[in-house]
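The values are calculated or read from the model by the stated rules, or taken from the named source; none is laboratory data. Predicted model only: the values in this text are computed from it and were never measured. We work out accessible area using only protein heavy atoms, side chains counted, and drop any ligands, DNA or RNA first. Shrake-Rupley method; radii C 1.70, N 1.55, O 1.52, S 1.80 Å.
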Amino acid sequence: MGATKVSDRVAARRQRRTAVRDLGSELTPEMIQGTLRLCADALPDDLGEGVRVTSDLAYGDHERHVLDVYQPESPRPCHRPVILFVHGGGFVAGSKGEAGGRFFANVG
């Protein structure tokens, strides 16, 4: 990677840190939306390429007891690391289908 690319990435990282700091430390809807916008700007456009998504797999009896599985399209050995992401909401609010679903495609 060339020196220019590295310096561009360092500068972008510094800008994001400043922007995060500017959001403040109080957890508000505005702070959450601002964080999502900052993260979205840092993600590549081809984030979901090469990822197979299986949506709404039931894990319980309630209609809301569903999960999505993100995995690589290309075959790999059967032993893979697993990450379980539980969105915020304390199991009483929110939904996996809320804005930001694109962020999870990079886990596959």
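Descriptive notes on the structure:
- If the segment from Cys39 to Glu26 were pulled out straight at 0.36 nm per residue, it would be longer than the present Cα-Cα gap by 2.9 nm.
- Rounded to the nearest 10 Å², the accessible area of Ser55 at probe 1.4 Å: 70
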